[in-house]
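The values are calculated or read from the model by the stated rules, or taken from the named source; none is laboratory data. Treat the numbers as computed from the prediction; the structure is a model and nothing was measured. Quick reminder, even Gly has a Cβ in these numbers, built from the backbone with ideal geometry, and neighbours come from all protein chains shown.
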Amino acid sequence: MQIAVIGAGDCTAEEYAGARKIGELIAGEGGILVCGGLAGVMEAACRGAQEKGGVTVGILPGTAGGNRYLGIAIRTGLGHARNAIVVQSADAVIAVGGGHGTLSEIAIALKAGVPVFGLRSWDIGGVVRCTGPEEAVAGAVAAARSYGSRVRSDDRGPL
C-alpha cells in the first residue's frame, strides 16, 4: 500500500505537526509514504514515518536534493511535472494545506480516480475533508486497500 502525502514546501507549524503525525500513522499501518521529497509538509510526513520505521519515497523535481528523511530519492529533473508521478504512484492521497502545486496534484488524482483526503486543504468536490490526521489516514488506508487491489488486478499490471 502506497499513500502519497502532498502539501507545500513552506507550511505552518500546525500543518507540519499534522503531516508528521500522518507519516507516523502511515508507517504504523505498514504503508509506504510517497511524496515530492522536499521541505515543509513533505519533510514532516517523511520524518514521522521514518521515526516509526516506515519507508519513505521522494519523487524529486530536480536532479539533486531532497529532505533528510527520505529513504528513497527519485531524481526526475521534471520540475512540477513530477506531480503526476507522485499521484500515479499512490493508492490514496492525503493533502495537508498546500498551494497551487498541491492543487495540481489533487486535480491529477481526482482525474485518475485516486482517492483524496484533505486536512486543512483545498475544499473542492471529490476531496474528503478530514478533521485530523487519524481520520485522514484511516480513510486513506481503507481507500488504498480497495483502490490498490482494483488497480493491481486491471490490465496495467502491478504497481
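Can you name every residue in the stretch 63-98 that is on the phi < 0 side of the Ramachandran plot, modelled with pLDDT of 95 or more and among the small types (Gly, Ala, Ser)? Selection gives 71, 73, 81, 84, 89, 90, 92, 95.
If the condition is being free of Cβ contacts under 8 Å to residues at least 60 places away in the same chain, not in a loop (DSSP other than H, G, I, E, B) and not charged (D, E, K, R), then the stretch 110-134 contributes 110, 112, 116, 117, 118, 127, 128, 130. Within the stretch 1-9, can one find any residue that is assigned to a strand (DSSP E or B), polar (S, T, N, Q) and closer than 24 Å to residue 80 by Cβ? Yes. Residues to consider are 17, 64, 49, 81; find the one that is under 13 Å from the mean Cα position of the chain (by Cα) and either more than 21 Å from residue 146 (Cα to Cα) or not basic (Lys, Arg) (or both). 49 is the lone residue from the list that is under 13 Å from the mean Cα position of the chain (by Cα) and either more than 21 Å from residue 146 (Cα to Cα) or not basic (Lys, Arg) (or both). Looking across the stretch 26-56, the residues that are crowded, with 19+ Cβ neighbours inside 10 Å and over 19 Å from residue 98 (Cβ atoms) come down to 27, 31, 32, 50, 54.
When you look at residue 63, is it part of a strand (DSSP E or B), without any contact (Cβ under 8 Å) to a residue 40 or more places away in the chain and of a type in the set (Val, Ile, Thr), yes or no? In short, no.
One residue stands out among those in the stretch 83-128 that are in contact with a Phe, Trp or Tyr (Cβ under 8 Å, 6 or more places away or on another chain) and either farther than 14 Å from residue 41 by Cβ or of a type in the set (S, T, N, Q) (or both): the one that is surrounded by the most Cβ atoms within 10 Å (Cβ to Cβ), which is 92. Being among the hydrophobic types (A, V, I, L, M, F, W, C) and more than 22 Å from residue 31 (Cα to Cα) is a property that holds for residue 107. Only residues that are of a type outside the set (Phe, Trp, Tyr) and under 18 Å from residue 49 (Cβ atoms) were counted in the stretch 60-86, giving 10. For the stretch 28-46, check the following and say yes or no: at least one residue is over 12 Å from the mean Cα position of the chain (by Cα) and in a helix (DSSP H, G or I). Looking through the stretch 28-46, at least one residue is over 12 Å from the mean Cα position of the chain (by Cα) and in a helix (DSSP H, G or I). Filtering the stretch 66-90 to residues that are part of a loop (DSSP other than H, G, I, E, B) and either among the hydrophobic types (A, V, I, L, M, F, W, C) or within 22 Å of residue 20 (Cα to Cα) (or both) leaves 66, 67, 68, 69, 70, 71, 78, 89, 90.
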